[in-house]
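Taking it in order: structure first as structure tokens, then the write-up.
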């Protein structure tokens, strides 16, 4: 798996932990994520499921072509 794919999977996993009630401070400390990065991910991916993320990626790629 490419590094980018691992990264995308990981940030969704971290946000899932947050949605399940784990404290952001604990998630950041456990995975070595800075506070600004965590909150940027939270804002960007809030409420998106896997299908919506695929659509977002598709349209971003389409706009660059």
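The values are calculated or read from the model by the stated rules, or taken from the named source; none is laboratory data. Everything numeric here is computed off the predicted structure, so don't read it as measured data. So basically every Cβ, Gly included, is an ideal-geometry build from the backbone, and we count neighbours across all protein chains shown.
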Considering every residue within the stretch 46-53, establish whether at least one is under 13 Å from the mean Cα position of the chain (by Cα), surrounded by 10 or more Cβ atoms within 10 Å (Cβ to Cβ) and at pLDDT 80 or above.
no
Residue list for the stretch 1-45, restricted to those being modelled with pLDDT under 85, in a loop (DSSP other than H, G, I, E, B) and in contact with a helix residue (DSSP H, G or I) (Cβ under 9 Å, 6 or more places away or on another chain)
1
